[in-house]
Amino acid sequence: MPLTARQRSIHNKNGTKRSASFSKGKKTRKSSESEFLMTNAPSDLRSIAYPGGAVALGLLLTSRLLAAYWSHISDCDETYNYWEPLHYLVYGSGLQTWEYSPEYAIRSYMPLWLFALPAKILSYIMAPVTVFYTVRIILATLSACADFMFYKAICHEFGVHVGRVWLCLTLPAAGMFASSAAMLPSAWSSALVAAALACWWRKRYPYAVVLTAITTLLSWPFTAILGLPIAIDMLIIKKQYTEFIKWSVISLLVILLPTVAVDSWHYGRLVVAPWNIVAYNIFTEHGPDLYGVEPWTYYFVNGFLNFNIVWVLSLSCPLLLGACTAVAPRSTARAGFCVPYWLALLPLALWLAVFMLQPHKEERFLYPVYSVVVLTGAISLDCLQKMTFAVGTELFRHSISRITALYNNYHGAMTLLRHVPESSEPRILCFGKEWYRSPSSWHLPQHHGVRFITTHFDGQLPAPYQETSDGTRIIHPYFNDQNKGDNRTYVHVSECHYLVDSDIGAPSTLEPAYHKQTNTWDIIATVPLLDSSKSHPLFRSFYIPVLSYKNVVYANLYLLRNKLLNN
């Protein structure tokens, strides 16, 4: 395909060509449009080596697929609000939370069906835990493809140097490791927002509008905030009123109507789930401050844990851009076809401003802007011009250190349930004080279900779906939107065929050391689990060879068998 006049102009000005792999831009065969990479840099970049399409996509796929296999479920909301309902759609059994009660209906079944359909097909030939990891692989692959689009757009919009740095920083980032294969709307939105921004920067406005609508209506309504800069560009700067309105209306009809139809069928009444979740979180007195209330410093600490020095660089980006502009104006000059820096980076500023002010804070709430966090960090490094091999190696080492710490400290919970014996009869596996460690029903053999026993925790826990064709329509009296526990959702410990227990904390009447009650319980399997209260904060957060094991304490997570019920 021949180059456009604009592409020829930019190429002639900068002399920048892209090879098919990680090599210098030297012409080796007949050129085509796909071999040219536009850049706004005013100097000749032919001497810069950078990964081409095949290499970049291969690296991203490798990184994200490793996360799909190695990452643990760090948020119990992922287990109980997404994996469990998905298990119900595929196998007809699972745990239901109050959000899926027809009385409240603040979660949509529509996005779950996008994964339930392939999972249902796979369920005929695979065990549930294999289907679980296959779905994770699908999520990781889609995330890698979105990141690849983002990488190409960065190279187009910010230059190949920033693109190369972004790729180097995103591959080992602990934040991307945690989010890229997560079964969470915020994780889906992370990929969708990256793809939408990529289309926006490449002037593919219809795709940008549609992808923004998908993340808003099908994934997480609050990500509409991230589409505001696209709307500003199209309506105020480019004045593309007709294009914006046309694709907004088309997206609304094509996405929202099927979603309403699917959810209304499941809940047995007219339901607009995206509106319900917005109304609950904004227009109720308890919605934004009932769960996970954290101080204003929460995201600063959490951002550093997941991105270390990249997070500091990201927050420093406006200052560094200003300083770089004052010292070397040409280095930050933008080509005429590029979006201004302030508008291109506005999504991150908007998102942080909104969510840092909210009392309810969780790590997953930053997932949608993780790619932009890395981008602003890359831009800061570009401004500093200190992307040396030593710095790059140090950044990589710290990220790998964080991932290793997460794996060593918490991955045992993902493997413990592999030791549950198969049975042709119904069996109950119970969680007590470690209820939030459950990796979901996907890790259990068939005919086994998850239930909970009484502990010191007095909040609301999920309960099993009614395993009938109309199970999603049934209103249970024990669900509420006040996070109040209900004894009707618990079972007595004597009814449990298997029990997950730990030796973290001191035993009490409500939380005895079941693993020591040898007359009733057999220990089937044991896995290590970090006892954070007895471990040094630095060494439990990052893995440092030799020193970590001397400064952290591991407890045990036990899988117990009830002797009285399994004779």
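The values are calculated or read from the model by the stated rules, or taken from the named source; none is laboratory data. Predicted model, so just to flag it, every value in this text is computed and none were measured. Neighbour counts are summed over all protein chains in view; Cβ atoms, including those assigned to glycine, are modelled from backbone coordinates with ideal geometry. Accessible surface is based on the protein model in full, side chains and every heavy atom, while ligands, DNA and RNA are left aside. Shrake-Rupley method; radii C 1.70, N 1.55, O 1.52, S 1.80 Å.
Within segment 397-421, residues that are surrounded by fewer than 19 Cβ atoms within 10 Å (Cβ to Cβ) and in a loop (DSSP other than H, G, I, E, B) sit with their Cβ atoms under 9 Å from residues that are of a type outside the set (Ser, Thr, Tyr) and modelled with pLDDT of 90 or more, at 6+ positions apart or across chains, in these pairs: His411/Trp70; His411/His72; His411/Val527; Pro421/Arg427; Pro421/Pro445; Pro421/Ile524; Pro421/Arg561. Scanning segment 257-274 for residues that are in contact (Cβ under 8 Å) with a residue 12 or more places away in the chain and either surrounded by fewer than 19 Cβ atoms within 10 Å (Cβ to Cβ) or not in a helix (DSSP H, G or I) (or both) yields a count of 6.
Just to be sure I understand the filter: pairs with C-beta atoms under 9 Å, separated by 6 or more residues or on different chains, first member in segment 365-376 and touching a residue at least 12 places away in the same chain (Cβ under 8 Å), second member charged (D, E, K, R) and in a helix (DSSP H, G or I). Which pairs pass? From residues that are touching a residue at least 12 places away in the same chain (Cβ under 8 Å), the pairs are Ser371/Asp147. Evaluate segment 161-183: report whether one residue or more is assigned to a helix (DSSP H, G or I), within 29 Å of Leu313 (Cα to Cα), of a type in the set (Val, Ile, Thr) and over 18 Å from the mean Cα position of the chain (by Cα). Within segment 161-183, one or more residues are assigned to a helix (DSSP H, G or I), within 29 Å of Leu313 (Cα to Cα), of a type in the set (Val, Ile, Thr) and over 18 Å from the mean Cα position of the chain (by Cα). When we screen Ser548, Ser508 for residues that are part of a helix (DSSP H, G or I) and among the polar types (S, T, N, Q), the only hit is Ser548. With respect to the conditions (1) open to solvent by less than 60 Å² (accessible area, probe 1.4 Å); (2) in contact with a His (Cβ under 9 Å, 6 or more places away or on another chain); (3) outside any loop (DSSP other than H, G, I, E, B); (4) at pLDDT below 95, Arg488 falls short on a single one, namely (1). When only residues in segment 429-461 that are in contact with a helix residue (DSSP H, G or I) (Cβ under 6 Å, 6 or more places away or on another chain) and in a strand (DSSP E or B) count, which is nearest to Ser532 (Cα to Cα)? Only one residue tops the list, namely Phe452. The lone criterion from (1) free of Cβ contacts under 8 Å to residues at least 40 places away in the same chain; (2) touching a Gly at 6+ places or on another chain (Cβ under 7 Å); (3) under 23 Å from Leu416 (Cα atoms) left unmet by Lys534 is number (2).
When we screen Leu319, Leu252, Leu226, Leu305 for residues that are farther than 30 Å from Glu467 by Cβ, among the aliphatic types (A, V, I, L, M) and crowded, with 19+ Cβ neighbours inside 10 Å, the only hit is Leu226. Being out of contact with any strand residue (DSSP E or B) (no Cβ under 7 Å at 6 or more places or on another chain), surrounded by 15 or more Cβ atoms within 10 Å (Cβ to Cβ), at pLDDT 90 or above and within 30 Å of Gly163 (Cα to Cα) is a property that does not hold for Tyr436.
When the criteria are applied in full, Glu84 fails the requirement of being among the charged types (D, E, K, R) and surrounded by fewer than 23 Cβ atoms within 10 Å (Cβ to Cβ).
State which residue is modelled with the highest pLDDT when the search covers only segment 275-289 and only residues that are open to solvent by 50 Å² or more (accessible area, probe 1.4 Å) and not in a helix (DSSP H, G or I). Looking at the filtered set, the residue picked out is Glu285. Determine whether segment 209-222 contains at least one residue that is crowded, with 22+ Cβ neighbours inside 10 Å, small (Gly, Ala, Ser), within 21 Å of Leu345 (Cβ to Cβ) and under 25 Å from the mean Cα position of the chain (by Cα). No.
A residue that is at pLDDT 95 or above, open to solvent by 10 Å² or more (accessible area, probe 1.4 Å) and in contact with a Ser or Thr (Cβ under 6 Å, 6 or more places away or on another chain) cannot be found anywhere in segment 145-159.
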